[in-house]
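Report on the following structure.
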Amino acid sequence: MINPASDPVPQLFDELKSSAAGLTHTEAERRLRLQQGKEHTQNRFARELHLLIRQFRNPLVLLLLVAVLLSGIMRETTDMFIILAILLATGFLSFIQELNAGRSVEKLQQMLAVTVGVLREEKTMKLKSSEIVPGDILELSAGDIIPADCRILESEELHVNESALTGESFSVEKSSGDVKEGASISEKTNCLWKGTHIISGTAKALVVLTGNNTIFGQLKSSLEHEEETVFEKGIRNFGIFLLKITLVLSICILVINIIFHKPIADSILFSLAIAVGMAPELLPAIMTLSMTAGAKRMLRKKVIVKKLTSIINFGEVTVLCTDKTGTLTEGVSRVNRIVDADGKEDAELYRMAKVNASLQGGFTNPIDDALRKLGEDISGYNKCGEIPYDFKRKRLSIVAEKNSNYTMITKGALTNVLDVCTSYFSAKEIRSLGKDDLARITSRFREYGEQGFRVLGLAYKNFTTQKITKTDEANMIFLGFILLEDPLKEGVLHSIERFKKLNTTLKIITGDNRHVAAYTAAELGLDTSQVLLGSGIAAMSPEALKVKVKAVQVFAEIEPQQKEHIIRALQQSGEAVAYMGDGINDVAAIHAADTGISVNDAVDVAKEAADFVLLEKDLSVLADGITEGRKTFANSLKYIFISTGATFGNMFSVAGASLLLPFLPMLPKQILLTNFLTDFPYLAVSDDNVDDSQIEKPSRWNLKTVRRFMIVFGLHSSVFDFLTFFYLYFTLHLKESGFQTGWFLESVITELVILFVIRSSRSFLKSKPSHLLILIAVLMAAFTMVLIYTPLAALFGLQSLPLAQLLMITGILFLYLVTADILKIFFFRYAMKKQGV
């Protein structure tokens, strides 16, 4: 068995039939086919067949199918085929909606495939992580997610975050070499593990194990568990709550009907039909459809949704935390000037800065891109060594050689660069760095920050060897300041105004110094009276931080781990938080946030952690995202309110009437047909219009409100159902078919009408539904009316009704519509008052 840590590298090459030049394309493709076969990846047909079967696995549906078979045995073949057809049609309708939604999500996911550098036939290429096979040679750098268990061949200042496996958030230093057999995972510092990611440095590594053979693959089932969101938990509890009521009511009706000596087969079918009628069987499809529609709308605005339920989370957001650079500003750093300690420009400073930026081998960034564009000639310089940037030192050092002379050049955060300097460059001379000089340099640094410049420090020293370690960052000469400018993005002020209208607070969390952060925040119109620094957070208790974060809009000089602390504190204070970031130092905060956001050109690990990925780094699309989230939530809630209002009320009334009548008030097939016809309009709910009032404030799932709604509107619906019942039975003295037709007609129309009432908390006359919703509802109502006058009516136990009877039912429906609208307005006012809105 191959041991990636203790087997010598030549032995590993031999066992994997590979070499330092990598695999050939032909061999790699052969291994990939073999690998995919072993992993038994479920194909599209199998997945979609499973989805179809799932539509009919509902216990109530299975019981109804058994009852249908009993009808066949008892030679009630017409009823059997009609009920079976309705059940199949409902199942296929739900299947088609979930299928289309699933395929849409697949396409979105394919747009975000994580790639990694691979050496094939001595040429480096970018491949998807899923295409990596044992024997491949990977070329890794900061931000890469490691796609397999690997042995390090070469490395330079390599630090890896292994929290996905160990749970420890601090980085681990890695390097090539040998490790004794039987060492623990933490001791295998010559290996890289699938699912971990590189914090800093570079590496070349040999792929040893992939897929389920990796340590991550063996732990996958436990690692992939995701916490339920508040909305998901609410939906699950709602389903359980409604199912309990449905089962209790159905069983009671069945028992009572049998006690009253009604036909057993009819009683069973009737009870089960009521159960199916009340069960929100379309809820998964409606929820998926609503969220997929939202995802498609967001894709048109260049936002990829990785997880559908995150759309609902986005709608709940009350605080948006973001970095400054690239989101609020253009993100394309421009070098304003490079000056010495006295504020004077010098060509030597420009040359040193360009050498450092051009020769560094870490992750690409706007600052180094800007410095590389400087006009100075740096031909003849060769890189000999490097200490990559990390978030503790906040410096990047390289050793450059020219004409056999070695120079160590360092740039980074000013205070961190000054920490390793003992002298400074001024007027072409090198002078000792005393306290007064430090105070003068710090004062100049503050002035530049207050002018809106991002300021980096630059230092150097002559070197005698090619090798470099962190201890060599000492006794350096401070060269001066690199002044960078990054103007505000066009339209960002308008976006911030939109956030205010959405009752969402913007907070800046940045590693930049306090002066630059305050300058930018002031330009944006944010409150800069309080700027909370990383040093201040470090000295605070968790309780104090929880109070402080609510009042502060600008956080500056923040360490990477402190970003997560800020997010957690905001959540504990009752806020729903979105965080946007694109760097390695943002990953923990993206994970912690209720809604994590990244961009398409972010490091892989940031994109992997995010719920949303922006194809363009534009703040305005985040306002669109919050709006879409609230629209999706509002449209999803419409189905839930109908299920707990009119539908529950109708089924409750039918069940109650069955105890008072010598015959069934509705036949099982009529109940199922009612359910089928009234479900159609919900196909258009996902794209329905939403009132401005439902978008202006975040809404959260509240089961208590749903329960109150069920009681109030269920009773209201039942009042009009029994009004119809008394009119049909005691006034018109209708029996069986005539009575059932009247009740069937009233049940279908009330459920179609109530949708237009409940879809808005305002009067239905003041809220405009979508054209498609109106069209489908009108078609279903027309179909229902026409059906009772066609030969098909007899198949469903229906008959034609005289005009006078239709007019009376219409009057009852009109009264129902008006009273429901008034009741709804008072109900939602009361509900909002209870929630403190």
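Quick check on the range 473-546: take the gyration tensor over C-alpha atoms, sort the square-rooted eigenvalues as a ≥ b ≥ c, and tell me if it's rounded (a/c under 1.5), prolate or oblate. Oblate shape, in that a/c is at least 1.5 and b/c is the bigger or equal ratio. Ordered from largest to smallest accessible area (heavy atoms of protein chains, 1.4 Å probe), the residues Tyr830, Tyr727 come out as Tyr830, Tyr727.
Restricting attention to the range 405-542, lysine pairs at least eight places apart or on different chains and with alpha-carbon atoms under 21 angstrom apart total 10.
Counted as membrane-span-like here are DSSP H helices of the chain whose alpha-carbon atoms extend 20 Å or more along the helix's own axis and whose Kyte-Doolittle mean is -1.0 or above; these are 59-73, 77-110, 230-259, 264-278, 283-300, 620-642, 703-726, 736-758, 771-787, 803-834. Helix content alone sets the calculated 222 nm mean residue ellipticity of the chain: runs of n ≥ 4 DSSP H residues at -39500 (n - 2.57) each, divided across all residues, give -16000 deg cm²/dmol. Shown here are the Rg and Dmax of the Cα trace of the range 590-745, at 23.1, 75 Å.
Using the Cβ-Cβ distance between Phe663 and Val255 with R0 = 25 Å, the FRET efficiency computed as 1/(1 + (r/R0)^6) comes to roughly 0.85. In this structure the chain gives 43 Å² per residue of accessible area when probed at 1.4 Å with all protein chains present. Roughly what percent of Cα-Cα pairs across the range 521-629 reach past 20 Å? Roughly 44 percent, once rounded to a whole number. The label point for Ser800 and the one for Ser443, both projected 7 Å from the Cα toward the Cβ, are 10.2 nm apart. The accessible-area ordering, largest first, of the residues Cys191, Cys384 stands as Cys384, Cys191, per a 1.4 angstrom probe. Loop-located chymotrypsin sites (Phe, Trp or Tyr not before Pro) in the range 647-687 (DSSP state not H, G, I, E or B) with no more than 15 neighbouring Cβ atoms inside 10 Å: Phe663. Kirkwood Rh over alpha-carbon pairs of the range 695-837, then Stokes-Einstein at 20 °C and 1.002 mPa s: what D in µm² s⁻¹, rounded to an integer? Using the Kirkwood radius from Cα pairs, D works out to 127 µm²/s. Normalising by residue count, the range 366-483 has a Cα convex hull of 128 Å³ per residue. These residues, Arg440, Arg151, Arg829, go from largest to smallest accessible area, 1.4 Å probe, as Arg829, Arg440, Arg151. Surface composition of the chain: carbon plus sulfur atoms hold 57% of the accessible area, using a 1.4 angstrom probe and ignoring ligands, DNA and RNA.
Using only the C-alpha atoms, the convex hull of the range 591-663 corresponds to 128 Å³ per residue. Kirkwood-type hydrodynamic radius, the range 401-442: 11.9 Å, calculated from all non-identical alpha-carbon pairs. Per-residue packing, averaged as other Cβ atoms within 10 Å, sorts the ranges 755-763, 372-380 into the order 755-763, 372-380, beginning with the highest. Taking 0.36 nm per residue of separation and subtracting the current Cα-Cα distance, fully stretching the chain between Lys301 and Lys126 would add 60.3 nm. Counting only Cα atoms, the size of the range 447-572 along its three principal axes is 61, 37, 23 Å, in decreasing order.
For the chain, the spherically averaged projection of the C-alpha convex hull amounts to 41.9 nm².
What share of the DSSP beta bridges in the chain is antiparallel, in percent to the nearest 5? Percentage antiparallel, nearest 5: 75.
Provide, for q = 0.33 Å⁻¹, the log10 of I(q)/I(0) from a solvent-free Debye sum over equal Cα point scatterers in the range 534-580. With one equal scatterer per Cα and no solvent, log10 I(q)/I(0) is -1.56. Its convex hull of Cα atoms gives the range 654-756 a direction-averaged projected area, equal to a quarter of the hull surface, of 8.1 nm².
Rolling a 1.4 Å probe over the protein heavy atoms leaves Leu433 with an accessible area of roughly 30 Å². Heavy-atom accessible surface of Tyr519, to the nearest 10 Å², is about 80 Å², with a 1.4 Å probe and all protein chains retained. Each label was represented as a point 7 Å from its Cα along the Cα-to-Cβ direction; for Asp369 and Thr469 these points are 3.6 nm apart.
Its Cα gyration tensor gives the range 626-708 an equivalent ellipsoid; the semi-axes, largest first and in whole Å, are 33, 15, 7.
The values are calculated or read from the model by the stated rules, or taken from the named source; none is laboratory data. These figures come from a predicted structure and were not determined experimentally. With ideal geometry, Cβ positions are generated from the backbone for all residues, glycine too; neighbour counts draw on all protein chains shown. Quick note on the areas: whole protein, heavy atoms, side chains included, nothing else; ligands and nucleic acids left out. Shrake-Rupley method; radii C 1.70, N 1.55, O 1.52, S 1.80 Å.
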